[in-house]
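Input: a single structure, listed below in structure tokens.
The values are calculated or read from the model by the stated rules, or taken from the named source; none is laboratory data. Being a predicted model, the structure only gives us computed values, none of them experimental. Glycine also receives a Cβ, built like all others from the backbone with ideal geometry; neighbour counts cover every protein chain displayed. Accessible surface areas use protein heavy atoms only, side chains included; no ligands, DNA or RNA. Shrake-Rupley method; radii C 1.70, N 1.55, O 1.52, S 1.80 Å.
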Amino acid sequence: MRFELQAVCPDTGARAGLLHTAHGVVETPVFMPVGTQATVKGVSQRDLERDLGAQIILANTYHLFLRPGHELIRKLGGLHKFMAWPRAILTDSGGFQVFSLSDLRKITDEGVLFRSHLDGDAHLFTPESVVDVQLALGSDIMMALDECLAYPANHDAANQAMLRTIRWAQAAHRHHRHVAETIGSGSALFPIVQGSMFADLRRACVAELLVLDSPGYAIGGLSVGEPRSLSLEMTEVTAPLLPKDRPRYVMGVGMPEELPEYVARGVDIMDCVLPSRNARNGCLFTSTGRVIIKHTRYKDDPAPVDPACTCYTCLTYSRAYLRHLFQAGEILFAMLATLHNLHHYLDRMQQIRQSILLGRFRAYLDGVRSAAVE
Ligand SMILES: [Zn+2]
């Protein structure tokens, strides 16, 4: 994997670049649709590729490990082939899901023992095993196992989790280097910066992780219940300390209007379940704010969801029809709404990227901020 920086906003440090992977080039900054179970809920791979032009998606290690199992996916040619997705895939470490979904966790320096939320079976994730699972999946960008704390956490607990995350990242990198030297590996491994909401811990974590000389770095432990301003603050503390020539990934963040805020803090890659989850709940993001489709005022509204949007949903269907589908609980609603919301996110990122390349990002950011105030 190679990262090529194309332009940097002199005012904010926002970056535009190209991430060259074995499964195509990813233009950054980029928003990754979330494909938890090897599917972005409600949209086909054809729609993702052709209609949305997605260049990279995220898949969840924890979920695929439990079902259908990474060995089965390996046997069937890896995740790209299994899910018929020819472009890039990033997989998370499973850490976040272990800490948020599973029961009876026992954390030691060796790893984390947990029970599956599906059938209660016990499993052990170690820094090494999580690399092996992601290698079996054939992911282009893998994450090192980390300990992700809920918010709020006290300084001592956050420090312990951060130190363990560093030790796990070191072990994961040692293991991956060994695999790369003996068998070969086409995947890049990113360590994850933890430290909860404490700037000193975030800085200490970065200092240790830089020694690993990784091809990229992730900032984790955000969007765990803290105020949104704090997520941005922690990103602002962390991102400038990371190597300028490597991609930076902030995990699990982003309301649409926050995308440029993260980019302004030097972030290249983001993901969030919001566009797809909100779509299924009838909340549609538009260029002029949100449309809650169940509202009675849309009952006979012949206009598209967002007249400024060029997605298939907006070019084809009225708010009245979409409201009807939602009220009737039709599957088509989830499909069309997800397509629109993802299009909205990817389109915004495309505008952000263009504004950086054209040297107009500052004006773009100011425009978004003043619109948010109105
Ligand atoms: Zn649309």
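Taking the Cβ of Arg265 as the center, what net charge do the other residues with Cβ under 11 Å away carry, scoring Lys and Arg +1 and Asp and Glu -1? Net charge around Arg265: -3. Each Cα pair under 8 Å and six or more residues apart adds its sequence gap; the mean of these over the residue count of segment 129-205 is a relative contact order of 41 percent.
Add +1 for every Lys or Arg and -1 for every Asp or Glu among the other residues with Cβ under 11 Å from the Cβ of Ser229, and state the total.
Values: positive: Arg228; negative: Glu226, Glu233, Glu236, Glu258, Glu261.
Net charge in that neighbourhood comes out at -4.
For the chain, what number of Lys pairs, 8 or more residues apart or on separate chains, have alpha-carbon atoms under 27 Å from each other? Show your work: numbers first, answer last.
Working: Lys41/Lys75; Lys41/Lys81; Lys41/Lys294; Lys41/Lys299.
The result is 4.
Rounded, prolate or oblate: which fits segment 1-160 when a ≥ b ≥ c are the square roots of the eigenvalues of the alpha-carbon gyration tensor, with rounded for a/c under 1.5 and prolate only if a/b beats b/c? It is oblate, given that a/c is not under 1.5 and a/b is not larger than b/c. When the Gaussian network model of the chain links Cα atoms closer than 10 Å, the mean-square fluctuations of Glu181, Glu226, Glu27 top out at Glu181. Loop-located trypsin sites (Lys or Arg not before Pro) in segment 211-280 (DSSP state not H, G, I, E or B) with no more than 14 neighbouring Cβ atoms inside 10 Å: Lys244.
Here the Gaussian network model covers the chain, with springs between Cα atoms less than 10 Å apart; of Ala199, Ala180, Ala172, Ala180 fluctuates the most.
With R₀ set to 25 Å, the beta-carbon distance separating Asn154 from Ala207 gives a calculated FRET efficiency near 0.70.
Ligands, DNA and RNA are left out, and with a 1.4 angstrom probe the accessible area of the chain is 42 Å² per residue.
Report the relative contact order of segment 241-330, percent, no decimals, based on alpha-carbon pairs under 8 angstrom and at least 6 residues apart. Show your work: numbers first, answer last.
Details: 95 pairs, mean separation 17.5, N = 90.
Value for segment 241-330: 19 percent.
Quick one: Debye curve from the C-alpha atoms of the chain, no solvent, what's log10 I(q)/I(0) at q = 0.12, 0.13 Å⁻¹? Debye output, listed in q order: -0.91, -1.07. Comparing Asp347, Asp213, Asp156, which has the greatest mean-square fluctuation in the GNM of the chain with Cα pairs linked when under 10 Å apart? Result: Asp156 has the largest fluctuation of those listed.
From the protein chains alone at 1.4 Å, what is the descending order of accessible area for Leu212, Leu101, largest first?
Numbers: Leu212 20, Leu101 70 Å².
I get Leu101, Leu212, largest accessible area first.
Computed from the Cβ-Cβ distance with R0 of 51 Å, the FRET efficiency linking His178 to Ile331 stands at 0.65. Accessible surface of segment 242-306, 1.4 Å probe: 50 percent of it comes from carbon and sulfur atoms. Only beta bridges with both residues in the chain are counted; by DSSP, about 50 percent of them are antiparallel.
Rounded to the nearest whole Hz, the Karplus-based 3J(HN,Hα) values (6.51 cos²θ - 1.76 cosθ + 1.60, θ = phi - 60°) of segment 140-146 follow the sequence 6, 10, 10, 10, 7, 4, 9, with x at glycine and proline.
Between Gly254, Cys309, Phe361, the Cα set farthest toward the positive side of the dipole of the chain (charges on each charged residue's Cβ, about the Cα centre) is that of Cys309. Across segment 325-330, computed HN-Hα scalar couplings (Karplus, 6.51 cos²θ - 1.76 cosθ + 1.60, θ = phi - 60°) run 4, 5, 4, 7, x, 7 Hz from first to last residue, x flagging Gly and Pro. Taking only protein heavy atoms and a 1.4 Å probe, the accessible area of segment 1-128 is 49% carbon and sulfur. Here is the short version for the chain: Cys9, Cys148, Cys205, Cys272, Cys283, Cys311 have no other Cys C-beta closer than 4.7 Å. If you take the Cα centroid of segment 208-252 and the Cα centroid of segment 85-101, the two points sit 17 Å apart.
Cβ under 9 Å from Gly95's Cβ, Gly95 left aside: what net charge do those residues give with Lys, Arg +1 and Asp, Glu -1? Before the final figure, lay out the partial values.
On the way: positive: none; negative: Asp92, Asp146, Glu147.
Counting the neighbours of Gly95, the net charge comes to -3.
Summarising the amide proton neighbourhood of Ala7: residues at separation of 5 or more, or on other chains, whose placed amide H is nearer than 5 Å comprise Ala16. 3J(HN,Hα) couplings calculated from phi for segment 24-37 with the Karplus curve 6.51 cos²θ - 1.76 cosθ + 1.60 (θ = phi - 60°) are, in sequence order, x, 8, 10, 7, 10, x, 9, 9, 9, x, 8, x, 3, 9 Hz; Gly and Pro show x.
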